[in-house]
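The values are calculated or read from the model by the stated rules, or taken from the named source; none is laboratory data. Computed from a predicted model, the values in this text were never measured in an experiment. Because the Cβ atoms are built from the backbone with ideal geometry, glycine has one as well, and the counts that use them run over all protein chains shown. The accessibility values were calculated without ligands, DNA or RNA, using every heavy atom of the protein model including side chains. Shrake-Rupley method; radii C 1.70, N 1.55, O 1.52, S 1.80 Å.
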Amino acid sequence: MSQQIQDTQEAAPSQVRIWPRVLLMGTSYFLVEVFAALILQPETPAGLGFGFLWSWLLTAAALALPRLGGRIFYGVTYYFSAIWVLAQTGYDQLFHKLMWLSDIFYAGEGADYLDTVLTGFSPVWWIGLVVLLAMGGLTIWLFPKWQKDWQTYLTCAITAGLTLAGLFLLPQLVFLRDLSVWGTGTDYMQSTSYRATYATMYNARKVYDICGAYQLTFRDLWKHEIYPMTAAYQESQKLEREELDGYFRTRRTHKENSMTGLYEGKNVILVLMESMDDWMITEEETPTLCRLMDEGINFTNFYTPGYGSVRTFNSEFCVNTGLFLPTTGSTAFDYVTNHYRQSLAALLAQEGYTAQAFHYNSPDFYSRGVYEPAMGYAAYNSYQDYTEDENRLFDDCFLFDDPALSEAFFREGPTLNFLITRSAHLSYVYNEVLSVYALEQYPEYQGMFGHEEEDCARVKARLVDDMFARLLEELEARGELENTVIVAFTDHYTYGFKDVDKLMELSGVESELLLEKTPCFIWSADGPDREVKKTLNTSDLLPTVLNLLGVDSPYRYLGQDAFDPNYEGCAFFPDGSWISDGVACMAVAGGEPQIILNEREKELTPEYLEEMTEKAMAYVSAANLLLTTDYYKTIR
């Protein structure tokens with residue numbers, strides 16, 4: 001009897017001492033949300049409320065399990081949350097956007113640039129890394145040890161129930177913010193309202209601003225990984241295809257114009273100029289590119305919006321298929337089995353062309369070895385298969401130096417060749433491998449502009465220009481210059497430039513949205529010499545090229561022919577921002593759009609701004625649905 005009393009007396013203080021450890025566990029979970037808010041600076045503090053509720057829901061779940069199971073559960077959920085938030089905050093510091101869970105599949109594509117990426121993180125991020133990792137280890141070491149009884153389970157159940165109720169009710173409280181902005185009418189369901197943003201999840205960063213890191217991750221997992229496996233999802237696919245039909249019915253049918261068939265039958269060389277920003281093209285560094293732009297069709301207001309989470313493949317994919325990567329969390333790899341009969345390569349193959357792609361990187365990178373054939377290319381030629389000397393791969397002219405590659409490129413026509421350059425890729429520091437190679441060719445550029453990043457960017461641009469000069473020489477030597485059209489575009493602006501203020505100065509803009517303008521031109525030896533000032537975007541290039549080649553496509557595209565007089569020209573961005581006719585408008589989640597440019601000093605009525613915002617959101621929605629519904633599968 002005395003032994004039982006002694007055991008009870010010893011157990012009681014033990015039960016009391018566990019509560020600080022329980023508090024430590026809940027605090028550790030919550031600290032992850034606090035760290036995210038500290039770095040990301042969300043528009044509202046609501047995310048901390050969501051994070052607090054998730055912290056105690058997870059704590060209750062861990063405590064309801066046997067001690068070993070609870071420790072494992074805590075370790076897995078805490079470190080996944082901490083590492084994911086560290087990745088998200090680091091990604092945001094570099095690209096000013098957040099990722100979806102599915103973007104983990106792209107992680108390998110950035111591994112080669114990891115050392116450059118890590119140097120771009122703030123000291124606060126590095127301190128947070130140490131604190132979060134240490135906090136998890138401390139909590140596992142001090143994990144509560146107590147006897148489980150009905151009171152324990154009841155406490156955990158009540159805590160879980162209250163937190164779940166809070167997670168259900170809190171969004172409704174957050175949506176009340178919409179009432180103060182939009183009122184109680186139909187405007188309350190504006191596409192940029194908190195309610196609509198939270199429901200459609202068209203932009204990860206904007207969803208985070210509403211509900212924080214934990215809730216964003218949960219909704220991402222449900223909406224993008226679990227829900228698509230349900231029967232309800234299949235029914236929604238049918239409705240979404242009908243929605244797309246309605247979207248296209250609102251647009252006028254494309255008609256032939258003065259540019260239709262201008263380049264009919266010519267060989268086509270499609271060039272993706274990796275990271276070639278507009279400010280990098282000058283008479284001093286890039287005389288060949290300046291000549292081609294001056295002699296050809298130069299699109300001077302061409303924008304490359306960053307849909308999806310990988311910029312290069314997004315533009316590459318869009319120019320070839322007319323489709324942007326989805327903004328909703330799916331990867332391009334999820335749709336490799338889609339039907340791409342509307343693509344440039346597929347349609348030109350029907351006209352008797354052969355299509356091949358050429359790049360230095362391996363077929364595994366962005367799964368190009370699978371995706372290029374899916375888009376209609378007969379082969380993806382990796383330069384790595386033609387040499388064991390890695391140094392030769394630094395020069396884009398290797399394509400012409402190697403006899404076997406050159407033979408494949410200059411095969412019997414008509415041909416479509418898709419060429420992806422490498423030379424101008426980030427990063428822009430003297431000791432980066434591409435910079436080292438470029439400076440070996442042109443050492444005078446080191447220190448030329450008094451800014452390391454500018455020196456490196458401009459010398460890399462010179463190498464890209466050298467490739468174009470060599471291409472023209474090879475075409476002329478083979479007697480193919482007159483029978484070829486070159487279509488050149490950039491995948492994205494130089495977002496690898498760490499000095500953003502300097503980048504904006506070089507680009508001559510005052511808003512980061514306007515940095516998205518990049519070079520794009522179409523050149524043929526017989527002209528025409530034409531400057532196109534209409535606002536255009538990446539998705540417009542495919543229908544424009546098809547029109548110039550005289551290919552009568554039976555498919556309706558997201559973008560439109562640049563020369564169609566019925567097309568006013570526009571660039572719509574995945575967050576709902578837009579640029580059109582000299583006006584640039586930045587979307588603000590839950591608030592009024594912000595005008596950042598009005599070159600023509602137009603009268604911008606509320607009705608006009610609302611109309612354009614709705615057009616932007618309809619465009620983004622259609623961009624997602626075209627891919628996720630495999631829309632072109634049902635069109636013959």
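Of all residues in the range 572-619, those that are among the polar types (S, T, N, Q) and under 21 Å from Phe324 (Cα atoms) total 3. For the range 285-308, enumerate the residues that are among the charged types (D, E, K, R), touching a residue at least 60 places away in the same chain (Cβ under 8 Å) and not in a loop (DSSP other than H, G, I, E, B). Once the filter is applied, which keeps residues that are among the charged types (D, E, K, R), touching a residue at least 60 places away in the same chain (Cβ under 8 Å) and not in a loop (DSSP other than H, G, I, E, B), the range 285-308 yields Asp294, Glu295. Test Met273 against the stated conditions and say whether it is under 26 Å from the mean Cα position of the chain (by Cα) and either exposed (fewer than 13 other Cβ atoms within 10 Å of the Cβ) or farther than 26 Å from Leu167 by Cβ (or both). Criteria met by Met273. Of all the residues that make up the range 323-345, how many are farther than 27 Å from Glu225 by Cβ and buried (at least 22 other Cβ atoms within 10 Å of the Cβ)? Of the residues in that region, 4 qualify. Annotation for the range 446-454: at least one member residue is within 28 Å of the chain's Cα centre (by Cα) and without any contact (Cβ under 8 Å) to a residue 40 or more places away in the chain.
Within the range 458-499, the residues that satisfy the criterion of being assigned to a loop (DSSP other than H, G, I, E, B) and open to solvent by 10 Å² or more (accessible area, probe 1.4 Å) are Arg478, Gly479, Glu480, Tyr493, Tyr495, Gly496, Lys498, Asp499.
May I ask you to say which residue of Thr634, Thr628, Thr605 is within 18 Å of the chain's Cα centre (by Cα), of a type in the set (Val, Ile, Thr) and farther than 22 Å from Asn301 by Cα?
Values: Thr634 fails: within 18 Å of the chain's Cα centre (by Cα); Thr605 fails: within 18 Å of the chain's Cα centre (by Cα).
None of the others qualify; the one that does is Thr628.
When Thr282 is tested against (1) open to solvent by 10 Å² or more (accessible area, probe 1.4 Å); (2) at pLDDT below 95; (3) assigned to a loop (DSSP other than H, G, I, E, B), only condition (2) is not met. Restricting Tyr233, Tyr263, Tyr303 to residues that are of a type in the set (Phe, Trp, Tyr) and modelled with pLDDT under 95 narrows the list to Tyr233.
The residues of the range 190-216 that are of a type in the set (Val, Ile, Thr) and open to solvent by less than 30 Å² (accessible area, probe 1.4 Å), listed by number, are Thr192, Thr197, Val207, Ile210. So how many residues does the range 583-627 have that are closer than 14 Å to Leu558 by Cα and either of a type in the set (Phe, Trp, Tyr) or open to solvent by less than 50 Å² (accessible area, probe 1.4 Å) (or both)? Residues in the range 583-627 being closer than 14 Å to Leu558 by Cα and either of a type in the set (Phe, Trp, Tyr) or open to solvent by less than 50 Å² (accessible area, probe 1.4 Å) (or both): 12 in total.
Cβ separations smaller than 8 Å between residues 6+ apart or across chains give the following pairs from the range 400-419 residues that are over 14 Å from Arg478 (Cβ atoms) and open to solvent by less than 10 Å² (accessible area, probe 1.4 Å) to residues that are of a type in the set (Ser, Thr, Tyr) and not in a loop (DSSP other than H, G, I, E, B): Leu405/Tyr383; Leu405/Tyr386; Leu416/Thr354.
When we screen Ala616, Ala623 for residues that are touching a strand residue (DSSP E or B) at 6+ places or on another chain (Cβ under 6 Å) and of a type in the set (A, V, I, L, M), the only hit is Ala616.
Within the range 361-382, restricting attention to residues that are assigned to a loop (DSSP other than H, G, I, E, B) and either open to solvent by 40 Å² or more (accessible area, probe 1.4 Å) or modelled with pLDDT of 95 or more (or both), the residue that is nearest to Tyr555 (Cα to Cα) is Tyr377. For the range 500-535, a residue qualifies if it is buried (at least 18 other Cβ atoms within 10 Å of the Cβ), assigned to a loop (DSSP other than H, G, I, E, B) and of a type in the set (Ser, Thr, Tyr), and the qualifying residues are Thr518, Thr535. Scanning the range 22-39 for residues that are under 26 Å from the mean Cα position of the chain (by Cα) and open to solvent by 10 Å² or more (accessible area, probe 1.4 Å) turns up Val34, Phe35, Ala37, Leu38, Ile39. Looking only at the range 557-591, count how many residues are closer than 19 Å to Thr200 by Cα and assigned to a loop (DSSP other than H, G, I, E, B). So the answer is 10. Within the range 252-269, not a single residue is in contact (Cβ under 8 Å) with a residue 24 or more places away in the chain, assigned to a helix (DSSP H, G or I) and either in contact with a helix residue (DSSP H, G or I) (Cβ under 7 Å, 6 or more places away or on another chain) or not hydroxyl-bearing (Ser, Thr, Tyr) (or both).
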